[in-house]
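Contents: one structure, followed by commentary.
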Amino acid sequence: MVLVGNLHTELKRVDSTIGKESINPKIGVVVYKKYGNAVQRNRAKRRIRAICNQFLPSIRNDCSIIISPKERFRTMSYNDVVQDISECFQKAGVLRS
């Protein structure tokens, strides 16, 4: 598990030799009920997914990533979220060199 700023990120390696086709990276977003009501939880998921889609071409194919925002994530600006996610991916080592 990688903790950077206001995000918890868990990285799991996937065996890329399974199956004939290459395995694409997978990103999951988990927002717990204590984060807020359904509107707040869904907004957080949409923000994280939109930012992760920008990073998708540069993420290695052999990994699955789970991201869970902390409650302070609600008040962060878009640029701060991009920076935190970028730091998480770099610290976890999932970006292609």
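The values are calculated or read from the model by the stated rules, or taken from the named source; none is laboratory data. Quick caveat, the model's predicted, so the values are computed rather than measured. Methodologically, a virtual Cβ is constructed for each residue, glycine included, from the backbone with ideal geometry; neighbour enumeration extends over all protein chains shown.
Given the criteria exposed (fewer than 14 other Cβ atoms within 10 Å of the Cβ) and under 21 Å from Leu95 (Cβ atoms), does Pro69 qualify?
Numbers: exposed (fewer than 14 other Cβ atoms within 10 Å of the Cβ): no; under 21 Å from Leu95 (Cβ atoms): yes.
In short, no.
Taking each residue of the range 48-59 that is farther than 18 Å from Asp80 by Cβ and looking for partners that are of a type in the set (Val, Ile, Thr) with beta-carbon atoms closer than 8 Å, six or more apart or interchain, yields Leu56/Ile27; Ile59/Ile27; Ile59/Ile65; Ile59/Val94. Those strands (runs of 3 or more DSSP E) of the chain in which 2 or more residues are modelled with pLDDT of 85 or more occupy 26-29, 63-69.
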